[in-house]
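Read the structure below first, then the notes.
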Amino acid sequence: MTLGRYTELPHLADANAGIEAVWASVSRGEGTYRVLPDGRCDIILRFTLNAPPNSELMPIVTGPTTGFYDVALEPGSAFVGVRLRPGYFQRILGLEPIRLKSGALVGEAAKNKWPDLAALCAPASDQQELAGRLVQFVRKRDADSDFEVEPLSRNTISALHASGGRLRIAELADMHGLSERTVRRIFLRATGVSPKAFAAIIQFHRALRLLRDHHLSPADAAFEAGFADQSHMTRVFQRMGGFSPARLPEVTLVTISQ
Amino acid sequence: MSVRFGYTILYVPDVVATVSFYETAFGLSRRFVHESNLYAEMETGPTALAFAGETMAEMNGFAVRANRKADLAGGFEIALVCSAPHEAYEKAVSAGAAPVKPPEEKPWGQVVGYVRDLNGCLVELCSAMPA
């Protein structure tokens, strides 16, 4: 399987089991890889791509972030991961995502917490096999879990997503007949970040797509994405991506949609 | 160049539930439901009434205000011309539509009532305009 820097494997996604995306990433050279905040948690296997079978696999479970971070890479650094839908982290891993906010459990720490991750780290013939193992791991834990994802949580998060992060939290609460406090609790439990921070992430991703994929001007993108003005958008881009809307670097924009 | 009105798409949280509701509450029938369960059309003649999952809005790169029962209705309505509007209204309400205004006869002879569907969208149940 030939993979670029970051590739999603859409045929492996399984929304019913909480798998929003299955992805693989291989580093061709030395450098850093910028991870943008996406309000999601991932289960990742890191390995070095050399002659198969792949060995020295390391599990990584990442928590939600609200800012970017850089990962140092060497040639052949490779990753296969599953990105979980909001609300499923606790269902699959039995841990509230807020416990891992802006953090990760890496290697032994992850295996100590979830001993069955060790089985995923046996040598594999290729990344496809690793991706398959991760999917089976999540499906099995989904089937065995008795933690239910509340429909109200799904609906509320879906409405915020559909709005491109533009709904104010008070409106989001009103339109679902909930208090702001309840909405806050729903988001913190499902995603580990506050509704306001989650909205900012969605709005940032959308603005980035409007610029990069729809080729809108910064002024038009700022308007459509719902920023007060272009300089507001610029400040948000600096904070969340570490770059300016006027000079977009080559960044990976993952698929996040409810 | 020519243009015609193609279809109306409502973005909804649950396409399958919405199709079932429109069948049960309003007596429409489905034309098809896509296997992804993210898009469906009702059998409404050449101009289709369609439903798409909210997630499609995001996938297509635009943003919408989601339709919700507890929210103020959006500024549009779906008008369904019924042979018996009073009966249609009762049937819709007993199937779970929220009553808004029972059918009444308008000065121009048309009978018109309003309900809100399972997602909070405004639906007019009316008789055909008198010839």
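No value in this document is a laboratory result; all are computed from the given coordinates. In this text, all values refer to a predicted model and were calculated from it rather than measured experimentally. So basically every Cβ, Gly included, is an ideal-geometry build from the backbone, and we count neighbours across all protein chains shown.
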Taking Lys and Arg as +1 and Asp and Glu as -1, residues besides residue B:61 with C-beta under 15 Å from its C-beta add up to -1
Calculate how large, on average over all directions, the projected area of the Cα convex hull of the protein assembly as shown is; give the answer in nm² to one decimal.
23.1 nm²
Would you order B:51, A:243 from fewest to most other beta-carbon atoms within 10 Å of each residue's own beta-carbon?
A:243, B:51
At 222 nm, what helix-only mean residue ellipticity would the protein assembly as shown give, in deg cm²/dmol to the nearest 500, using -39500 (n - 2.57) for each DSSP H run of four or more?
-10000 deg cm²/dmol
Among the lysines, select those whose C-alpha is under 18 Å from the C-alpha of residue B:101, and discard any that sit fewer than 8 residues away in the same chain.
B:69, B:91
If N is the number of residues in region A:152-241, what value comes out of its Cα radius of gyration divided by 2.2 N^0.38 Å?
1.11
Read phi for every residue in region A:237-246 and hand back ³J(HN,Hα) as whole Hz from Karplus 6.51 cos²θ - 1.76 cosθ + 1.60, θ = phi - 60°, with x for Gly and Pro.
4, 5, 6, 8, x, x, 8, 9, x, 6
Give the separation of the Cα centroids, region B:56-71 to region A:11-36, in Å.
26 Å
Charge context of residue A:48, other residues only, Cβ under 9 angstrom, K/R +1, D/E -1
-1
Computed D for region A:16-83, Stokes-Einstein, Kirkwood radius over alpha-carbon pairs, 37 °C, 0.692 mPa s, to the nearest µm² per second, is 255 µm²/s
Residues B:19, B:3 arranged by fewest to most Cβ contacts within 10 Å:
B:3, B:19
Ellipsoid semi-axes in whole angstrom, largest first, where each is sqrt(5λ) of the Cα gyration tensor of region B:60-99
27, 13, 8
In terms of modelled amide H atoms, which long-range or inter-chain residues lie less than 5 Å from the amide H of residue B:77?
none
Roughly what percent of Cα-Cα pairs across region A:7-144 reach past 23 Å?
29 percent
Ranked A:111, B:106, criterion: other C-beta atoms within 10 Å, fewest first
B:106, A:111
Taking Lys and Arg as +1 and Asp and Glu as -1, residues besides residue A:176 with C-beta under 14 Å from its C-beta add up to +2
Using only the Cα atoms of region B:7-126, what semi-axes does the equivalent ellipsoid have when each is the square root of 5 times a gyration tensor eigenvalue? Give whole Å, largest first.
25, 15, 13
Once you have a ≥ b ≥ c as the square roots of the Cα gyration tensor eigenvalues for region A:96-148, tell me rounded if a/c is under 1.5, and otherwise prolate or oblate according to whether a/b is larger than b/c.
oblate
